[in-house]
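Engineer: If you scroll down you'll find the structure; I have some questions about it.
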Amino acid sequence: MAMISSRKPSARRKDALRNRSDRYTTKIIKASALLSDTKTLLSRWNTKASVRENLARFRHENLFGKASRSRVEDILAIFRQRYLTDESVTSALVVLAQNRFPAQALDRILYFHSARADRLLHDAVTKVLLPQKGHGITNVDIDEIQRTLSRWVAEGKTTTKWSESTIRRVAQGLLATLRDFGVLEGAVNKRIAAMYFPVESFAYIAFYLKQEQPSGTKLMDHPDWKLFFLTHEVIERFMSRPTNGVYWNTMRRAPSPA
């Protein structure tokens, strides 16, 4: 199975992690999951060309079939934020998309990188939906999401002061994006879905996270597993499954981050 390079994290990746804003933005209004468009981009990606050259070609050829140039620019900006800041990640995703990697497994990986790149999306899952699910509540109330967003705005967690209409649009964007990524289900009334987590997705994400956390014990408690509502016990079972042996041996041999 194709994996991220096991080399130590590049300076570019470290810069991307340092520069990731801890404040919430409204980008989710223009984003959504964009799974179909993302797979088009990855499947048509030229590994011999630079990011700039690839994006210029997508603009020129209008490979996404969008009527508006501004919409194309919005999509490309989201792609750059989510998947194009680390060359090793981009290369890995291209290999997966171009070699018939299981679609559902790839969807989980794309969700993982999207949430890592957007603090609002990440925290909506780990700080709102996860505690709710822990109390046995699966129905998602958009009014409650809006109240949470209003509180975060009041606490100064957003890049700018959001109006009530912006808060509602952000809440709608969050729920639509999480539905498209399979975290939620329901066309109108949203509820937390019973997420299927393929072993291929687990292996990729565990390998990726190990570059940041070389300790196997601490890796199982990495906060990003919360994006999938996984407990320590479930992660431990994943790592001990016989079918995971080849992947986990590869992870253990990977060098530690600098």
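Engineer: Once label points are set 7 Å from the Cα along Cα→Cβ at both residue 187 and residue 62, what is their separation, rounded to one decimal in nm?
Structural biologist: Going by the 7 Å Cα→Cβ label model, 3.0 nm.
Engineer: I'd like to compare 97-108, 32-43: which one has the highest average count of other Cβ atoms within 10 Å, and what's the full order after that? List each step's numbers first, then the result.
Structural biologist: On the way: 97-108: 16.3, 32-43: 18.1.
My ranking of the peptides, most packed first, is 32-43, 97-108.
Engineer: By count of other Cβ within 10 Å, fewest leading, how are 112, 197 ordered?
Structural biologist: Ascending Cβ contact count within 10 Å gives the list 197, 112.
Engineer: Along the Cα→Cβ direction, 7 angstrom out, place labels at residue 69 and residue 150. What is the inter-label distance in nm?
Structural biologist: Placing both labels 7 Å along Cα→Cβ, they lie 4.1 nm apart.
Engineer: Another question, if that's okay. So what J values fall out for the range 183-195 if you push phi through Karplus, 6.51 cos²θ - 1.76 cosθ + 1.60 with θ = phi - 60°, rounded to Hz, Gly and Pro as x?
Structural biologist: Couplings: 6, 10, 9, x, 6, 10, 8, 8, 9, 5, 7, 7, 6 Hz.
Engineer: Taking a threshold of 30 Å on the Cα-Cα distance, which of the pairs 27/218; 161/210; 30/133; 161/218; 66/133; 48/157 fall above it?
Structural biologist: 27/218; 161/210; 161/218; 66/133; 48/157
Engineer: Here is a further query. Within 10 Å of each residue's Cβ, count the other Cβ atoms and sort 235, 78, 142 from fewest upward. Present the calculation step by step, with values, prior to reporting the outcome.
Structural biologist: On the way: 235 18, 78 22, 142 14.
With the sparsest Cβ surroundings first, the list reads 142, 235, 78.
Engineer: When Lys and Arg each count +1 and Asp and Glu each count -1, what net charge do the other residues less than 14 Å away from residue 138, Cβ to Cβ, add up to? Please report the intermediate quantities before stating the final value.
Structural biologist: Details: positive: 133, 179, 190, 191; negative: 141, 144, 185.
Computed value for this residue: +1.
Engineer: Also, I was wondering about something else. For residue 191, what charge total do you get from the other residues with a beta carbon under 11 Å from its beta carbon, if Lys and Arg give +1 and Asp and Glu give -1? Please report the intermediate quantities before stating the final value.
Structural biologist: Values: positive: 133, 179, 190; negative: 141, 185.
Net charge around residue 191: +1.
Engineer: Now for a separate question. Please give the FRET efficiency for residue 163 paired with residue 77, using the beta carbon to beta carbon distance and R0 = 22 Å, rounded to the nearest 0.05.
Structural biologist: 0.45
Each value in this text was obtained by applying a stated rule to the coordinates, not by laboratory testing. Quantities reported herein were computed from a predicted structural model and do not represent experimental measurements. Cβ sites come from the backbone with ideal geometry, for glycine too, and all protein chains shown count toward neighbours.
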